[in-house]
Amino acid sequence: MKYAHSILIGGIGDDAHSVGIRLLELGLRESGFYVLSLGIRNDIRTFFKYAKDFDVIMISNKNGHAELYLKDFPDLLNEFQLTNDTKRLWAIGGSLSVGESDFQVKKRYLGMGFSIVHPKPISFLQVVENIRQELGQNGIPPKNILSRNKPKYDVRINYDDIIDRQWDDEELDKQRKEIIKEWPTGKEVMAIDLYNNNGEYQKRSLDQLLWNNKVKKGFPLLQPRTGVADIAQQTSKLQFLEESGSNVSSVQLDAACRSKMYDKAEAGVELSLERKTSQLNGFPIPIYGVNKVRSMVNSLNNPFQLRGGGPDHRFTYEIALSAGIHALEGGFICYCLPYDKLTNPVESMRNWQYIDRLCARYKQRHSVNVNREYFGVLTATLIEPSIAIVINIIQALMSAQQGVVSITVGYAEQGNRSQDIAAIKMLGELTAFYLKKFGYNQCRLTTVYHQFMAAFPEEYSRAEDLIFNSSITAAKAGATKMMVKTPVEAIKIPTRYDNADALRICRRGFAASSAAVTNYKMIALEKKLIEKEVHQIMDAIIEEGNGSVARGAVKAIESGIIDIPWSPSIFNANKVSTLRDVEGAVRFNHFGNLPFSTEVKELHQEKVHIRQYMERDSSTFSLLEKDLSRIWKNEYKQWPLDGNYVV
Ligand code: 5AD
Ligand code: GLU
């Protein structure tokens, strides 16, 4: 019989962050605890449903929206304690608030009945130590581990629901009528004849701006991320950034709207106005609606893009397009598997086909060339380039099938300059190759480089240096556009001044780029490797689908040919894992069902072995924990990591 403490972990509300939860799950298990993970996006009631079997209940929230989803916690806790009088610990941690001080946050949650509260991220070791200490102090004994209730999920896929052709107008219009009922602001969508009062649209086309920059081989266009709850603040922030040299204006959709919990977003707007500081982690487009968003877009000079993150943005993107927005971001794999727990990939595919077809129809009917962009893999953490590239290719093919002709493919910096440069170059080349192979010759294809998207250095000067050097990499890689981080990334949502500072740092990086040394030999080797990997995966997908990329992609997800490390989705195989090598480049540690040749596999294995040998550490968890935390803890020598990650 085995005795252990048992821990229930999971994310709350609209939060999509999955990496930390997964790391805790693996690490706590390795430390001897019995662990059940509920994954991301749980209602607080779900925690209470399973709580009685556990000694510690750990709620994770990384996007600062926790408060919106914990209103009922004190009452539920009281009710629960009436029938369960054994002692247990309630813990909450992550990045708990967008706008409040750590002191306020701690006070609130302790007052609500939590016994452990961490308003900001702490290291894994601190988490374990803290739990052990609290368990001891509260005299909670380890218990006999018997089988426990677990959530059951339905992961069946219905291949008959896949549509592998261009949608016709009736199909789109039929859905459209229902979709615009999702929230009252939908009424405005049909009432507006888009471009009658928007003659300026073509002049501000993002497609045109990107294309011109690609042709003239300019430095990457600069795009800062922004998103606050109040539209007046949002507008003035974007105006300020245009004056500070941003080339593309954009907003991030807030997490509540991403999950279609519009009532929570509305409550977040009210709370923000009351507290005079944004309590939402993005801008809630659907809450403001077409007319107000249109005024905002028209008060700016740059092209305007909406960026999101969720498997169903049909309603929000209807509002955005009616408001005259020039570009939309997201795709059926990159905003499903890395971002969502329960949505079936076939359903996600249909949602994104709807959006692609809608964009294409704006072109047909109003001569408006809406740019479509994708992120490779949104978990963005230790993503080997071939995974990101394959996902971009598939999504580009899906968009092109619906008639989209302006496409931007994306990749997030991992930290080894040669690998990152090779990745952006191959992303462009290979997407172009497959678009041509499938007969889509009309597309204008460009690339976007995301400055490091995983946990950022906490030290300001380190973050500054990362942004500077990342800009050099992007310039060397010839990316058309760059998503810009800020030096306060690890600390808070940036102010306009933080964003403006970041723009200046990037321009300094570009100016320094021609003098920076590059390892051409290494870049060439990485390019060759990526090319082989991508073709091997794409061949397998096309074969699985019997020529149909749509079917092949879904089959590949099911069989683990597409497998995204750290994905929160119940549809993801979760067999692939990656580690950094001694140069900081990302390599496969477990291949799962990736259809790689022996030659490719051996190369990765060798690099991983050298890392294990050099660090005298063969525990995968321990190496992973280092890879996930060394950057934010500032425990690395220099960015990029080439030549100095493990020495
Ligand atoms: N404002 C600024 N940056 C944002 N990001 C997301 N939402 C916002 C926002 N409202 C950026 C941050 C974050 C990444 C996922 O996107 O850099 O880490
Ligand atoms: N989709 C996002 C982007 O590239 C990722 C960041 C986020 O989730 O807000 O802008």
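The values are calculated or read from the model by the stated rules, or taken from the named source; none is laboratory data. Quick caveat: nothing in here was measured; it's all calculated off a predicted structure. Don't worry about glycine lacking a Cβ; one is built from the backbone with ideal geometry, like all the others, and counts go over all protein chains shown.
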Review point. If you take the residues in region 583-622 that are among the basic types (K, R) and surrounded by fewer than 19 Cβ atoms within 10 Å (Cβ to Cβ), which one is nearest to the chain's Cα centre (by Cα)?
Key: K601
Check your understanding: In region 428-445, how many residues are of a type in the set (A, V, I, L, M, F, W, C) and in a helix (DSSP H, G or I)?
Key -> 4
Exercise for review: Just need a number here: residues in region 248-269 that are touching a Gly at 6+ places or on another chain (Cβ under 8 Å), closer than 30 Å to A500 by Cβ and part of a helix (DSSP H, G or I).
Suggested key: 4
Study note, to complete from the structure: Selection over region 151-167 where residues are surrounded by 10 or more Cβ atoms within 10 Å (Cβ to Cβ) and either charged (D, E, K, R) or touching a Cys at 6+ places or on another chain (Cβ under 7 Å) (or both) yields a count of 3
Review point. How about region 535-647: which helices (runs of 4 or more DSSP H) wholly inside it have at least 1 residues that are farther than 26 Å from L430 by Cα and of a type in the set (A, V, I, L, M, F, W, C)?
Key: 598-615, 620-629
Review point. Is it the case that region 522-536 has a residue that's at pLDDT 95 or above and within 21 Å of the chain's Cα centre (by Cα)?
Key: no
**Study point:** Residue match in region 541-550 (condition: buried (at least 18 other Cβ atoms within 10 Å of the Cβ) and of a type outside the set (A, V, I, L, M))
**Key:** yes
Check your understanding: Does D539 qualify as being of a type outside the set (A, V, I, L, M, F, W, C), free of Cβ contacts under 8 Å to residues at least 24 places away in the same chain and at negative phi?
Key -> no
Review point. Does K120 meet the test of being surrounded by 14 or more Cβ atoms within 10 Å (Cβ to Cβ) and charged (D, E, K, R)?
Key: yes
Review point. Any residue at all in region 401-422 that is within 16 Å of ligand 1 (Cβ to nearest atom), of a type in the set (S, T, N, Q), modelled with pLDDT of 95 or more and buried (at least 24 other Cβ atoms within 10 Å of the Cβ)?
Key: yes
Point to revise | P303 vs. criteria within 16 Å of ligand 1 (Cβ to nearest atom), crowded, with 24+ Cβ neighbours inside 10 Å and under 25 Å from the mean Cα position of the chain (by Cα) | key: no
**Study point:** Top-ranked residue in region 297-324 [being assigned to a loop (DSSP other than H, G, I, E, B) and within 14 Å of ligand 2 (Cβ to nearest atom); ranked as nearest to I180 (Cα to Cα)]
**Key:** H313
Check your understanding: Just checking, which of A516, A511, A475 is away from ligand 1 (no atom under 16 Å from the Cβ) and assigned to a loop (DSSP other than H, G, I, E, B)?
Key -> A516
Check your understanding: Just wondering, is there one or more residues in region 255-265 that are within 11 Å of ligand 1 (Cβ to nearest atom), crowded, with 24+ Cβ neighbours inside 10 Å and at pLDDT 95 or above?
Key -> yes
Point to revise | Only one of K481, K492 that is within 30 Å of A255 (Cβ to Cβ) and within 13 Å of ligand 1 (Cβ to nearest atom) | key: K492
Check your understanding: Looking at region 87-200, what helices (runs of 4 or more DSSP H) fall wholly within it and have at least 1 residues that are under 29 Å from A455 (Cβ atoms) and out of contact with any helix residue (DSSP H, G or I) (no Cβ under 7 Å at 6 or more places or on another chain)?
Key -> 102-112, 124-137
Check your understanding: Would it be correct to say that Q234 is of a type in the set (S, T, N, Q), away from ligand 1 (no atom under 13 Å from the Cβ) and under 24 Å from A500 (Cα atoms)?
Key -> no
Check your understanding: Across region 262-296, what is the total count of residues that are closer than 15 Å to D15 by Cβ and within 16 Å of ligand 2 (Cβ to nearest atom)?
Key -> 5
Review point. Does at least one position in region 446-461 carry a residue that is in contact with a Cys (Cβ under 7 Å, 6 or more places away or on another chain), more than 16 Å from ligand 1 (Cβ to nearest atom) and assigned to a loop (DSSP other than H, G, I, E, B)?
Key: no
Check your understanding: What residue, among those in region 206-245 that are part of a loop (DSSP other than H, G, I, E, B) and either under 22 Å from the mean Cα position of the chain (by Cα) or closer than 22 Å to E270 by Cβ (or both), is farthest from ligand 2 (Cβ to nearest atom)?
Key -> D230
Exercise for review: Output the residue which, of all residues in region 489-503 that are part of a loop (DSSP other than H, G, I, E, B) and away from ligand 2 (no atom under 16 Å from the Cβ), is farthest from the chain's Cα centre (by Cα).
Suggested key: T495
Study note, to complete from the structure: Contact list, first residue from region 38-61 and of a type in the set (D, E, K, R), second anywhere and assigned to a loop (DSSP other than H, G, I, E, B), beta-carbon distance below 6 Å, six or more apart or interchain, is R41/K341; K52/N84; D53/R148; D55/H5; D55/R88; D55/I140
Study note, to complete from the structure: Expected output for region 244-260 (first residue touching a residue at least 60 places away in the same chain (Cβ under 8 Å) and more than 14 Å from Y339 (Cα to Cα), partner within 12 Å of ligand 1 (Cβ to nearest atom) and part of a loop (DSSP other than H, G, I, E, B), Cβ below 6 Å, 6+ apart or cross-chain) is none
Check your understanding: So which of G27, G20 is in contact (Cβ under 8 Å) with a residue 60 or more places away in the chain and within 16 Å of ligand 2 (Cβ to nearest atom)?
Key -> G20
